[in-house]
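The values are calculated or read from the model by the stated rules, or taken from the named source; none is laboratory data. In this text, all values refer to a predicted model and were calculated from it rather than measured experimentally. As a convention, Cβ positions derive from the backbone with ideal geometry for all residues, glycine included, and neighbour counts pool all protein chains shown. Heads up: the accessible areas ignore ligands, DNA and RNA and are worked out on the full protein's heavy atoms, side chains in. Shrake-Rupley method; radii C 1.70, N 1.55, O 1.52, S 1.80 Å.
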Amino acid sequence: MDQLKEQLVKIKPYAFWIACVVILLGTVGVWYMATSTLTEQRTAAKAKIDGAFNGLNGINPKLAKHPNPGTNIKMVELSMAYGEEIARGWDLQYRRQEGVLVWPASFDQDFQDAVKDLRPIEKVPVKTAELRLMIPESFRRRYRDFIEDELPRLATTIGGRWQATRDASGAPGGGEFAPTAPTRMGPDGRPIEEHDRSMVLWSPENQKSLLTEHFGFTARANDPTTLDVLYAQEDLWVLQNLMEIIKRTNDGYEGRHDAAVKQIEFVRIGRSALGLAGKVMSLGNDPNAPGGARPPGFSEGGGMQTAPPGTAAAPGAPPTNPSTDPSFNAADPCNWRYVDKNNVPLAGFQLRQAIEVTAPGAPVMGPTNPDAALLAVAKRMPVRLRLEIDQRRLAKLLTEFGNAPLPVEVRQLRFNREPAPIGNPSQFFAMNGLGGGGGGGEGFSAAPPGGGFGGQRGEGIPGMGTGAGSLTRDATVDTNLIKLELYGIVYIYNPVNRAKLGLPAAPAGATAMSNAPATNAGG
């Protein structure tokens, strides 16, 4: 003990430094133990979080095969129930049109039986030897005679005159089409110019074009084909629908002097109506001005950019021309009759592939993209009309388009513009841009000097003056009359194809043609 005291006496002068060292070592020890614990806790927490993320990521590739059999069964049930709802809505639209797209009662039951199962038309190949998909020759010849007598009734519906006839002897299959000339002769041997008292004047040249382009088989020596007859009747239904719209718009008026629609410059359907016309731009945006603002998608070629279905075309790139596809068949009368949701014309093989009917027991192969699904439900036929109309009755005309038995979805209105050119698929796909991309009307910029808005010569807005600051007008000029050009889409619904919805076949007789065998479009 005495020795310890002696040692303490010796180190007492160094007690402060010894205390500092002890305190330092103690602090380091405490810090080391604390940080070690925190590190262990951090590592454990990180491992737990990473494990949770890895677990979530592992679910993604397994979504198609739920690990829970009960969940998988319920998901299938929900999908099937949703598919049945779509099928019922689809069938409802088809049944509504089934009451409109009716073959004339003048055809006997044998004829009706021969054509009733040929919808959609695209189930019939371009070349087929299957008798069940062919209309007998005698029936096709009968239809050719029927259509020649039926077309004049289109003009009669609107209180007009049909003036396009064959200028030959009248024998079936002979002669060309031409507008009918006045035939009543005066005492001097000259034809008498008769005053046309029609409610609506319909251009004879347009009548001739319709007769030649859509019913040209009436002038051929050979009998029309099955597809000639089917597509001609579809065209007739659409034309009758358009004439009924004009008739209802003019209901209640006595004559052309007070009618809403006074003149038809042209009616175009199918391939001749392709493409929206004009440019759509915001007010004040002049694309021709240096540094002028361009609306999104504006093209110097004259329109808004769109792309064909299933593609993501680069800005400024033309849409793909399906005629370059190996599946394209130039003899297919379905080519360019219909358009997709972007108003791009469709080749026949594109539509046939989209609405292909599946054979019983075949694997269910639904559409590979939403665009194909839309085409499977309904065909979209473009229509274009150019009318002289009293602008005060424009709302009534548009209402009738929407309320028609075959409703017309109006996509574009143009006032007092130059007529749109006849649709040309070759030029259509050669363009760098397509017509305006929506339901908008003709765009215009600032008011030019001298009065009027929009297009050349001060045209563009209904009722605006055309003179350079003129305050007076000819009293014989009806300033309420405008040249209206309308582009729209007629939806023609196909029979329900349950296989496209991933649904089992319906009971026998429940829905027509749901399980008809598939056909080869190329024949």
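Annotations for the structure displayed:
- Residue 37-residue 80 FRET efficiency (beta carbon distance; Förster radius 51 Å; 0.05 resolution): 0.35
- Residue separation of residue 95 and residue 110 scaled by 0.36 nm, minus their Cα-Cα distance, works out to 3.2 nm of gained length.
- Carbon/sulfur fraction of accessible area - region 1-119, other protein chains in place, 1.4 Å, %: 66 percent
- Inter-label distance, residue 331 to residue 19: 11.4 nm, where each label sits 7 Å from its Cα along the C-beta direction.
- When the surface is traced with a 1.4 Å probe over the full set of protein chains, residue 91 keeps roughly 40 Å² accessible.
- 23, 18, 158, ranked by accessible area, largest first (probe 1.4 Å): 23, 18, 158
- Between residue 149 and residue 403, the C-beta separation translates, for a Förster distance of 41 Å, into a calculated FRET efficiency of about 0.90.
- Peptide packing: for 263-269, 31-37, 120-126, the average count of neighbouring Cβ atoms within 10 Å per residue gives the ranking 120-126, 263-269, 31-37, highest mean first.
- Residue list for region 256-279, given a label point 7 angstrom along the Cα-to-Cβ vector of residue 196 and an amide N cut-off under 17 Å: 256-268
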